[in-house]
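Working notes for the structure below.
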Amino acid sequence: MLEKHLICISCPIGCELSAGRESDDSTWKITGNRCPRGEAYALAELTDPRRVVTAVVRSNSPVQPLLPVRTDQPLPKRFIDRLLNHLYTLTVKTPVKCGDVLIDNVENSGVRVIFSCDCEK
Ligand code: SF4
């Protein structure tokens, strides 16, 4: 029997979840959740964990030499290190607008990296 313990972060209650499955069965049984969102959260964490990524990139702006960027939706965790390493190599040209796309379709995931602020120059 495999067992894992997680805390649901889908709302402030923070239910303590237990996930268990037989070693020859891929189906997780989730307990401890007060609502269905907890089960959905646990199953996503166990099978395809994702996070919204925030970072800064260098720019050629003398006013804002570092510009905040983020993914427009959660990115599979296995891609995050490679994305951050790539972002830290970039120097972007201004101007940019909040919501402009810096990177489209990260690792063919359908996730985009967008600017989180305006920078005129
Ligand atoms: S299981 Fe439901 S009630 Fe519990 S923390 Fe998650 S969202 Fe909130």
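Each residue in segment 21-43 was checked for being modelled with pLDDT of 95 or more, more than 8 Å from the ligand (Cβ to nearest atom) and exposed (fewer than 14 other Cβ atoms within 10 Å of the Cβ), and 2 of them qualify. In segment 75-90 there is at least one residue that is polar (S, T, N, Q), at negative phi and assigned to a helix (DSSP H, G or I). Does segment 50-58 contain at least one residue that is within 24 Å of Ser10 (Cα to Cα), in a loop (DSSP other than H, G, I, E, B) and either away from the ligand (no atom under 16 Å from the Cβ) or at pLDDT 95 or above (or both)? Within segment 50-58, one or more residues are within 24 Å of Ser10 (Cα to Cα), in a loop (DSSP other than H, G, I, E, B) and either away from the ligand (no atom under 16 Å from the Cβ) or at pLDDT 95 or above (or both). Only one entry of Pro12, Pro62 meets the criterion of being closer than 30 Å to Lys121 by Cβ and loosely packed, with under 13 Cβ neighbours inside 10 Å, and that entry is Pro62. When segment 1-14 is limited to residues that are more than 21 Å from the chain's Cα centre (by Cα) and either part of a loop (DSSP other than H, G, I, E, B) or near the ligand (Cβ under 10 Å from one of its atoms) (or both), the one that is farthest from Val52 (Cα to Cα) turns out to be Met1.
Number of residues in segment 39-69 that are more than 15 Å from the chain's Cα centre (by Cα) and among the polar types (S, T, N, Q) equals 4.
Beta carbons closer than 6 Å, at least 6 apart along the sequence or on distinct chains, pair a first residue in segment 8-24 that is under 12 Å from Glu45 (Cα atoms) with a second that is more than 9 Å from the ligand (Cβ to nearest atom) and part of a loop (DSSP other than H, G, I, E, B) for Ala19/Trp28.
The values are calculated or read from the model by the stated rules, or taken from the named source; none is laboratory data. Quantities reported herein were computed from a predicted structural model and do not represent experimental measurements. With ideal geometry, Cβ positions are generated from the backbone for all residues, glycine too; neighbour counts draw on all protein chains shown.
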